[in-house]
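Asker: One structure, pasted below without further comment.
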2 protein chains.
Amino acid sequence: MITEAAKDSIRAVIYIALYREDREFISIKEIAQTLNLSFYFLSKNLLKLVKAGILESFRGPKGGVNFKKDPKEVKLIDIISAIDGTYIFESCILGFKECSETNPCAIHNKWAEERKRLYDMFNISVKKVADEIKSGEIKNIKI
Amino acid sequence: MITEAAKDSIRAVIYIALYREDREFISIKEIAQTLNLSFYFLSKNLLKLVKAGILESFRGPKGGVNFKKDPKEVKLIDIISAIDGTYIFESCILGFKECSETNPCAIHNKWAEERKRLYDMFNISVKKVADEIKSGEIKNIKI
DNA sequence: AAATTTTAAGATAATTTTATCTTAAATTTG
DNA sequence: CAAATTTAAGATAAAATTATCTTAAAATTT
Ligand code: SF4
Ligand code: SF4
């Protein structure tokens, strides 16, 4: 569905949204340790979000990453797109290379709808996800 | 979402359902050539369906594969399960290892519903897919 | 200024998935 | 029976993804 890289990244931005409070930057090490993710892999992936303009980063002690865009404006779709690309939401579920909409296979109508729904599901802001986690009174992010 | 192996296999069984007519066995070579798939990869994957009891196979000239179960009884879900396992339809979209249903994250309710819908989408028999392709008057399977 | 911390960038390695090849076994054909 | 055809099984290789490591650059701390 979506890659591990994208899943890790989504969890990371949710973590940042939840725990940045008034800090300027949150270190990737802290995120990786708390979420039990590989620091190396996460670093590489979050860098993509930096390059996509979603996060900003800062080097040195006190360094780390933080939102560049307002988390209210960052949708999970944006994370997935930056990491995996948008292909999933445009792809054929059966892997046909060429296929006409005008003469679709038996599951196309269903798939076209699901694809849209999956897109909609991820079309939710990081802030909203974080707020809902908070409102559920979850004390620590589950790992 | 589902692996290439599963997609290839689904297309192959649909092909068999469409073109077996009264033949005892359809050679994997024929399927691979028509669908423009790797004979090697397809052979290996269809063998899994044989072992799962969905197809049966026969060696030698006139050999090949064909349905062991009635294609009316074979759902796309069965193909996917035999090839990829059922994990997708039980998995967490964010990749959390532990997560309680009683205190779910913001997208869990949506994901749980989508997961179910995706399952339902694939819970369609090979026969039904083949029949709908036929009724749509598609002359050749699109590749 | 030197040592330390942290991201940046790119090399390297491990794992998983996909693809290919080889040999063997079963079956048919001639 | 010999040759040809086709799946079976497992080895090997290529590609993609995931994971790790190394060195450099930027910033802070001492
Ligand atoms: S019609 Fe079927 S095979 Fe073609 S793109 Fe849609 S889902 Fe895929
Ligand atoms: S609650 Fe969210 S994180 Fe947990 S299993 Fe459901 S979708 Fe995954």
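Asker: Averaged over A:87-96, how many beta carbons belonging to a partner chain fall within 10 Å of each residue's beta carbon?
Answerer: Numbers: counts 0, 1, 0, 0, 1, 2, 9, 10, 10, 6.
Per residue, the average neighbour count from other chains is 4.
Asker: Along the charge dipole of the protein assembly as shown, which of B:Ala130, A:Thr86, A:Phe58 sits closest to the positive end, that is, farthest toward it, with unit charges on the beta carbon of Lys, Arg, Asp and Glu (+1, +1, -1, -1)?
Answerer: A:Phe58
Asker: With the crude spin-label approximation of a point 7 Å out along Cα→Cβ, what separation in nm comes out for B:Lys134 versus A:Phe58?
Answerer: So the label points at B:Lys134 and A:Phe58 sit 6.8 nm apart.
Asker: Report the rotationally averaged projected area of the protein assembly as shown based on its alpha-carbon convex hull, in square nanometres. Numbers along the way, then the final one.
Answerer: Numbers: hull surface 67.4 nm².
Result: 16.8 nm².
Asker: Which GluC sites (Glu not before Pro) from region A:25-86 combine a DSSP loop assignment with at most 13 other Cβ atoms within 10 Å?
Answerer: A:Glu73
Asker: How far apart, in nm, are two points set 7 Å out from the Cα along the Cα-to-Cβ line at A:Ala112 and at B:Tyr87?
Answerer: If labels sit at A:Ala112 and B:Tyr87, their model points lie 3.2 nm apart.
Asker: Here is a further query. In whole Hz, what ³J(HN,Hα) sequence does region B:100-111 give by Karplus (6.51, -1.76, 1.60; θ = phi - 60°), x for Gly and Pro?
Answerer: With coefficients 6.51, -1.76 and 1.60, one gets 8, 4, 6, 9, x, 6, 4, 9, 4, 4, 5, 4 Hz.
Asker: Spin-label point model (7 Å from Cα, Cβ direction): what's the B:Lys29 to B:Asp120 distance in nm?
Answerer: 4.5 nm
Asker: OK, next. Can you list the copy-to-copy distances for A:Thr3, using a point 7 angstrom from Cα toward Cβ, in nanometres, shortest first?
Answerer: 1.9
Asker: How far is helix A:4-19 tilted off the main Cα axis of chain A, in degrees rounded to 10, range 0 to 90?
Answerer: That works out to roughly 40 degrees.
Asker: While we're on this one: Enumerate the aspartates and glutamates that A:Lys48 could reach by cross-link, defined here as Cα to Cα under 15 Å, with residues fewer than 8 away along the same chain left out.
Answerer: By straight Cα distance, A:Lys48 reaches A:Glu4, A:Asp8, A:Glu56, A:Asp78, A:Asp84.
Asker: Between the helical axis of B:126-135 and the dominant principal axis of chain B, each derived from Cα atoms, what acute angle in degrees is found, rounded to the nearest 10?
Answerer: 70 degrees
Asker: So if R0 is 30 Å, what FRET efficiency would A:Ser43 and A:Asp22 give, r being the distance between their Cβ atoms, rounded to the nearest 0.05?
Answerer: On the way: r = 24 Å, r/R0 = 0.80.
Efficiency at R0 = 30 Å is approximately 0.80.
Asker: Measure nothing fancy, just the Cα-based angle from helix B:39-51's long axis to the longest principal axis of chain B, in degrees from 0 to 90, nearest 10.
Answerer: Computed tilt is about 70 degrees.
Every read-out reported here was derived from the displayed coordinates using simple, explicitly stated rules and does not represent laboratory data. Everything numeric here is computed off the predicted structure, so don't read it as measured data. Glycine gets a Cβ as well: all are built from the backbone with ideal geometry, and neighbour counts include every protein chain shown.
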